[in-house]
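Working notes, structure below.
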Amino acid sequence: MIESIRDLAPIIAVIAFFQLLVLQQPIPDLGGLLVGTLFVVIGLTLFVHGLRLGLFPIGESMAHDFAHKGSLLWLLLFAFALGFGTTVAEPALIAVAAEAAQVAAVGGMIENSEASMTSYADGLRMTVALSVGIAITVGVLRIIKGWPVQYLIIGGYMGVVIMTAVAPKEIIGIAYDSGGVTTSTITVPLVTALGVGLASSIRGRNPMTDGFGLIAFASLTPMIFGMGYGMVIQ
């Protein structure tokens, strides 16, 4: 809990500085703010402890088990399922997809009805989840084969730039935001543990240089798939 308070202290200091010294206004509902801050500290403490206790160990142990099993097909299927499943359940993506559906309905991109907005939001979520599943699969294959991560990332962002020029302008911002929200509270711990555990299990691989980089793929591919989704529904 002390670590959580230390991590939140800069945010609290910034808010207090601008509210009291720059805006020179009293903090509204100070009691509610203090209670909310306490809940954030408790929640962050439990979340980080849960990562250390459960998610990181299980991700690394499953990566070790699949590596020792020696089946590339099962390992790649597990990587895809992990990327897809964690992204579908990502709260940040659910929120962005729902907001994007409402804005698309108001802007006339889709029919302004509950069914159309639900279909749009679900389609966006599934498209992004599919892209992350493929990204994690490619990232795991990169670790196994020892491919340099920079060439894949550079090639991917070249694809992003090209698609940005031809995709509907209404979907570009949503696609970019989708790349950011996929790497959040659920996806990052499990995917990071998978990469480090896999690199630790393969002879000749360095967990520091080969175990990381999966999150970069998970952030990159939703931009491409998101813009492709916009081109299809247009």
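The values are calculated or read from the model by the stated rules, or taken from the named source; none is laboratory data. Remember, it's a predicted structure, so these values are computed and weren't measured experimentally. Please note: Cβ atoms are built from the backbone with ideal geometry, for glycine as well, and neighbour counts cover all protein chains shown. The area values use the complete protein model at the heavy-atom level, side chains included, leaving out ligands, DNA and RNA. Shrake-Rupley method; radii C 1.70, N 1.55, O 1.52, S 1.80 Å.
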Hey, can you find the accessible area per residue of the stretch 117-207 for me, probe 1.4 Å, expressed in square angstrom?
43
Taking a crude spin-label model, label points 7 Å out from Cα along the C-beta direction, the ALA9 to ASP65 distance in nm is 4.1
Per the charge dipole of the chain (beta-carbon charges, Lys/Arg positive, Asp/Glu negative, Cα centre), the residue among PHE18, ALA175, THR209 reaching farthest to the positive end is THR209
Linear extension gain, SER200 paired with LEU30, 0.36 nm per residue minus alpha-carbon span:
56.3 nm
Where does the Debye-calculated log10 I(q)/I(0) of the stretch 24-77 sit at q = 0.30 Å⁻¹, using only Cα point scatterers of equal weight, no solvent?
-1.04
The percentage of the accessible area of the chain (probe 1.4 Å, all protein chains present) made up of carbon and sulfur atoms, to the nearest whole number, is 71
Gyration tensor (Cα) of the stretch 172-234, equivalent ellipsoid semi-axes in angstrom
30, 11, 8
FRET efficiency, 1/(1 + (r/R0)^6) with R0 30 Å, evaluated for VAL48 and GLU114 via beta carbons:
0.20
Projected area averaged over orientations for the stretch 85-126, convex hull of C-alpha atoms, nm²:
2.5
What is the extension gain from ILE154 to SER184, computed as 0.36 nm multiplied by their sequence separation minus the C-alpha to C-alpha distance, in nm to one decimal?
8.5 nm
With charges only on Cβ, +1 for K and R and -1 for D and E, what is the dipole size of the chain about its Cα centre, in debye, rounded to 20?
820
Rank by packing, highest mean first: peptides 23-32, 99-108, with packing defined as the count of other Cβ atoms within 10 Å averaged across residues.
99-108, 23-32
Choose one of PRO91, ILE154, LEU72: the residue whose Cα lies farthest towards the positive end of the charge dipole of the stretch 1-156 (beta-carbon charges +1 Lys, Arg; -1 Asp, Glu; about the Cα centre).
LEU72
Under Stokes-Einstein, with the Kirkwood radius over Cα pairs standing in for Rh, what whole-number D in µm²/s applies to the chain at 37 °C and 0.692 mPa s?
166
As a test of understanding, state the convex hull volume per residue of the stretch 25-125 from its alpha carbons, in Å³.
161
For all pairs of alpha-carbon atoms in the stretch 59-182, what percent lies in each bin of width 10 Å, listed from the first bin to the last filled one?
12, 34, 32, 16, 6, 0
If you filter the stretch 154-234 for trypsin sites (Lys or Arg not before Pro), then keep DSSP loop positions with at most 13 other Cβ within 10 Å, what is left?
ARG203
Sites PHE17 and GLU170, calculated FRET efficiency, Cβ-Cβ separation with R0 30 Å, nearest 0.05:
0.20
